[in-house]
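Novice: Below are the structure tokens for one structure; questions will follow.
The values are calculated or read from the model by the stated rules, or taken from the named source; none is laboratory data. Because the structure is a prediction, the values reported are computed rather than measured. Because the Cβ atoms are built from the backbone with ideal geometry, glycine has one as well, and the counts that use them run over all protein chains shown.
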Amino acid sequence: MNKSRQSKWIQVGLAIVIVLGINFIISAKVSAAEKKEKKMVEYKLNSSFDDNLLLFKGKYVRVILSSGQSLSGYVKDVKEGLLHLEKLGGGRDYHDALVRVKDISAMDAKFRGFK
């Protein structure tokens, strides 16, 4: 192999290494930024039940009604004393529920391990 051809292969190899290195650095910075953006979810004892439910908007929760029945699903919205749960658990992914907040006696939600 002559020197000019060998030099071109070295240049191509270096260019590939540089591009891959830059890609790795950028993806590491994006990943670190995403981790910083994650908010710690916790109950707010100084706030109303409605406000606590709103903290979990878009997240999966289970509410236990005064009757003892429980419903689980993703919080879509909370307005005017009503909770809109979507994609209900228990194999009812295509079902939603509208629940009066005053009929809820408890709720539980996953705090750790959000991805």
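Novice: Of all residues in the range 75-112, how many are touching a residue at least 60 places away in the same chain (Cβ under 8 Å) and surrounded by fewer than 16 Cβ atoms within 10 Å (Cβ to Cβ)?
Specialist: 1
Novice: Name the residue that is surrounded by the fewest Cβ atoms within 10 Å (Cβ to Cβ), counting only residues in the range 54-74 that are of a type outside the set (A, V, I, L, M, F, W, C) and not in a loop (DSSP other than H, G, I, E, B).
Specialist: Lys57
Novice: Can I ask one more? Return the pair list, or none, for Cβ contacts closer than 9 Å from residues in the range 1-30 that are of a type in the set (A, V, I, L, M) to residues that are at pLDDT 70 or above, at least 6 apart or on different chains.
Specialist: So the pair list comes out as Met1/Trp9.
Novice: Moving to a separate point now. Go through Asp108, Asp77, Asp51 for me and flag whichever is within 23 Å of the chain's Cα centre (by Cα), at pLDDT below 90 and part of a strand (DSSP E or B).
Specialist: Answer to the check: Asp108.
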